[in-house]
Amino acid sequence: MVDLNEIQTKVELLAKLIDSPVDQLPTYGNSRGDGTPNIDIGGGTYYYTAPDRGVMSINRQTQNIDELLYWIFKDITFSMAVWFELENRINDQDARRLIFSHQLGLLKTLDTNWFWKAKMEIAKILQNCPYDDSSGVSLQKYEKY
């Protein structure tokens, strides 16, 4: 089992590969209680939690270090992709197109298995909630005013 210091070192090295903001990284063994993900280890299990003012927004556990790292970077890359979409918004396009594409690109940089795993999860999301490009707001609609 990998200890917290080794996990932190591994996360920081991977985060540098994608230029992840430091404030997106989890804490290790000492939750802030503000919704920041925290990593703990106990009884041969890794815990990935995010308590926020007494409410647990993330509460996962695994014995697989790769799965733990995937969870960490799935969340980090999603946040990075949302910021990317905000800075590169395309009117009349479902924002998720750019978000998912950017997130998958970041994950592929880190680990091709993570890329494929996320791609399958996104496919399930889109099966239930397909892209809707008609929901975007077009500035062209308002140019004549």
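Does Ile72 satisfy the criteria of being in contact with a helix residue (DSSP H, G or I) (Cβ under 9 Å, 6 or more places away or on another chain), surrounded by fewer than 18 Cβ atoms within 10 Å (Cβ to Cβ), closer than 24 Å to Glu6 by Cβ and of a type in the set (A, V, I, L, M, F, W, C)? Criteria not met by Ile72. Answer yes or no as to whether Tyr48 is within 14 Å of the chain's Cα centre (by Cα), in a helix (DSSP H, G or I) and of a type in the set (Phe, Trp, Tyr). For Tyr48, the condition - within 14 Å of the chain's Cα centre (by Cα), in a helix (DSSP H, G or I) and of a type in the set (Phe, Trp, Tyr) - is not met. Within the range 59-70, is even one residue closer than 23 Å to Cys129 by Cα, part of a helix (DSSP H, G or I), hydrophobic (A, V, I, L, M, F, W, C) and in contact (Cβ under 8 Å) with a residue 24 or more places away in the chain? For the range 59-70, residues closer than 23 Å to Cys129 by Cα, part of a helix (DSSP H, G or I), hydrophobic (A, V, I, L, M, F, W, C) and in contact (Cβ under 8 Å) with a residue 24 or more places away in the chain: absent.
Any chance you could count how many residues in the range 76-97 are surrounded by 14 or more Cβ atoms within 10 Å (Cβ to Cβ) and touching a residue at least 40 places away in the same chain (Cβ under 8 Å)? Number satisfying all stated conditions: 7. Is one or more of the residues making up the range 22-45 closer than 17 Å to Leu106 by Cα, within 17 Å of the chain's Cα centre (by Cα) and surrounded by 12 or more Cβ atoms within 10 Å (Cβ to Cβ)? Checked the range 22-45: at least one residue is closer than 17 Å to Leu106 by Cα, within 17 Å of the chain's Cα centre (by Cα) and surrounded by 12 or more Cβ atoms within 10 Å (Cβ to Cβ). If the condition is being under 13 Å from the mean Cα position of the chain (by Cα) and of a type in the set (Gly, Ala, Ser), then the range 58-116 contributes Ser79, Ala81, Ser101, Gly105.
Within the range 1-57, being among the hydroxyl-bearing types (Ser, Thr, Tyr) and out of contact with any Asp or Glu (no Cβ under 6 Å at 6 or more places or on another chain) holds for Thr9, Ser20, Thr27, Tyr28, Ser31, Thr36, Thr45, Tyr46, Tyr48, Thr49, Ser57.
Every number here is computed from the coordinates shown, using simple stated rules; none is lab data. A quick note: this is a predicted structure, and the numbers were derived from the prediction, not measured. Here Cβ is always computed from backbone atoms with ideal geometry, including for glycine, and neighbour counts include all displayed protein chains.
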